[in-house]
1. Write down the accessible area per residue of the chain in Å², having rolled a 1.4 Å probe over the full set of protein chains.
2. Which order do GLU15, GLU62 take when ranked by solvent-accessible area (1.4 Å probe, heavy atoms of all protein chains), largest first?
3. Can you give the net charge of the other residues whose Cβ lies under 13 Å from the Cβ of GLY53, counting K and R as +1 and D and E as -1?
4. Below 17 Å Cα-Cα, how many Lys pairs turn up in the chain? Only count pairs eight or more apart in sequence, or on different chains, if you could.
5. Just need the relative contact order of the chain here, percent rounded to a whole number, with Cα pairs under 8 Å and 6+ apart.
6. Determine the share of the chain's accessible area contributed by carbon and sulfur atoms, expressed in whole percent, with a 1.4 angstrom probe.
7. Want the number for ASP9 to MET33: 0.36 nm per residue separation, take away the alpha-carbon distance, what's left?
8. Consider the candidate values [x] 3, 17, 28, 29, 16, 6, 1; [y] 4, 16, 25, 27, 17, 9, 3, 1; [z] 3, 13, 27, 28, 21, 7, 1; state which one is P(r) over Cα pairs in 5 Å bins from 0, in percent computed from the structure displayed.
Amino acid sequence: KQQKILPKDETLKLESDAHWLLSLGHGDVSIRMDDNITDFKEPKNMRFEYKDGKLEEITYKEFLGLNEGKEW
C-alpha cells in the first residue's frame with residue numbers, strides 16, 4: 001500500500017511487469033499507455049487493475065475482491 005499525492009504536472013510510472021491495484025480519490029486524471037492518452041473527468045472515486053501490461057477500470061466490488069476485502 002502506498003499513497004501519493006501528485007501535482008498535475010507530475011507523472012507516476014508503473015512497472016509494466018507488476019500487478020497493481022489503483023484507487024484514485026477522484027477521476028480528474030490522464031492516463032497514458034504507450035502513445036494513447038485517456039482523460040477521465042469523473043467527480044467520483046475510480047479504481048483500476050493493471051496486470052499483464054493492461055489497465056482496466058474496475059468496480060468497487062471487484063477492487064475489494066482483488067484486495068482481500070480491504071478498502072485501503
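The values are calculated or read from the model by the stated rules, or taken from the named source; none is laboratory data. No experiment lies behind these values; they were computed from the predicted model shown. Note that we place each Cβ from the backbone using ideal geometry, even for glycine, and neighbour counts take in every protein chain shown. Areas reflect the complete protein model, heavy atoms only, side chains present, ligands, DNA and RNA absent. Shrake-Rupley method; radii C 1.70, N 1.55, O 1.52, S 1.80 Å.
1. Details: 6190 Å² over 72 residues.
Solvent-accessible surface per residue comes out at 86 Å².
2. The ordering from most to least exposed comes out as GLU15, GLU62.
3. Charge balance near GLY53 sits at -4.
4. 9
5. Details: 87 pairs, mean separation 19.6, N = 72.
Contact order relative to length: 27 percent.
6. Working: 2810 of 6190 Å².
After summing per-atom areas, the C and S share lands at 45 percent.
7. 7.0 nm
8. Label [z] holds the value from this structure.
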